[in-house]
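A short write-up of the structure that comes next.
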Amino acid sequence: MIAGARYAHTNLIAADWRALAAFYGEVFGCVSVPPERDLAGRDLEAGTGVAGATLRGVHLRLPGHGERGPTLEIYSYGAHSDPGQRAVNRPGLAHLAFEVDDVPAARREVLARGGSALGEVVTLSYASGARVTWCYVTDPEGNAIELQSWC
């Protein structure tokens with residue numbers, strides 16, 4: 001095991017990092033963690049493996065975990081590669097999940113702010129008796145988000 005390991009952040013590459021950061025701030029209450037990033041140069045190229053890499057963006061503190069909680073890192077590169085086909089069952093990072101008080105109301109808020117629906121609101125029951133109401137939506141750039149409420 002790696003000594004001192006602690007989950008730090010999840011990164012989203014956005015076409016418009018400012019607009020996507022505003023969406024997550026307005027819809028989920030994520031808060032900017034200064035400074036904004038504006039990076040370029042040999043070290044960035046070496047670290048990313050992307051020739052000529054430039055990027056700008058921000059970290060947003062995710063709600064519910066305090067001042068040292070994980071962040072959502074939203075960056076835009078100067079040039080993007082083809083994102084390919086996005087789907088919740090594609091291998092790799094599939095979705096972000098937010099626990100909410102009211103899934104249908106949260107879904108309506110996401111849709112009103114430019115997101116899209118990927119499915120319907122459903123409730124699943126587990127053998128333990130736990131129940132979760134959830135659905136998938138997307139942010140305005142098509143990244144999948146799960147909205148969930150446990151009962």
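Nearest 10 degrees, 0 to 90: what angle lies between the long axis of helix 103-112 and the longest principal axis of the chain (Cα atoms)?
It works out to around 40 degrees.
Mean 1/r over all different Cα pairs, inverted: what Kirkwood radius does the chain give, in Å?
Value: 17.0 Å, from the Cα pair sum.
Write out the GluC sites (Glu not before Pro) in region 109-151 meeting two conditions: DSSP loop, and at most 14 other Cβ atoms within 10 Å of their Cβ.
GLU120
Using modelled backbone amide H atoms (1.01 Å from N, in-plane), which distant-in-sequence or interchain residues come within less than 5 Å of HIS9's amide H?
Amide H to amide H, under 5 Å and 5 or more residues apart or across chains, HIS9 pairs with THR71.
When DSSP beta bridges are limited to those with both residues in region 1-133, what percentage is antiparallel, rounded to the nearest 5?
75 percent
Calculate how steeply helix 17-28 sits against the longest principal axis of the alpha-carbon atoms of the chain, using the helix alpha-carbon long axis, and give the answer as 0 to 90 degrees to the nearest 10.
Between the helix axis and the principal axis of the chain, the angle is about 30 degrees.
With runs of 4+ DSSP H residues as the only contributors, calculate the mean residue ellipticity of the chain at 222 nm using -39,500 (n - 2.57) per run, divided by the residue total and rounded to the nearest 500.
Rounded to the nearest 500, the figure is -5500 deg cm²/dmol.
Which value, in debye to the nearest 20, describes the size of the charge dipole of the chain about its Cα centre when Lys and Arg Cβ atoms bear +1, Asp and Glu Cβ atoms bear -1, and nothing else is charged?
Once rounded to the nearest 20, the dipole reads 200 debye.
Please give the net charge around THR133, taking every other residue with its beta carbon less than 12 angstrom from that of THR133, where Lys and Arg add +1 and Asp and Glu add -1.
Summing Lys and Arg as +1 and Asp and Glu as -1 gives -3.
Can you tell me the accessible area per residue over region 48-151, all protein chains present, probe 1.4 angstrom, in square angstrom?
It amounts to 58 Å² per residue over region 48-151.
Please report the orientation-averaged projected area of region 1-75, defined via the convex hull of its C-alpha atoms, in nm².
Hull-based average projected area comes out at 6.3 nm².
The values are calculated or read from the model by the stated rules, or taken from the named source; none is laboratory data. No experiment lies behind these values; they were computed from the predicted model shown. Because the Cβ atoms are built from the backbone with ideal geometry, glycine has one as well, and the counts that use them run over all protein chains shown. Just so you know, the surface numbers come from the protein's heavy atoms only, side chains and all, with ligands and any DNA or RNA stripped out. Shrake-Rupley method; radii C 1.70, N 1.55, O 1.52, S 1.80 Å.
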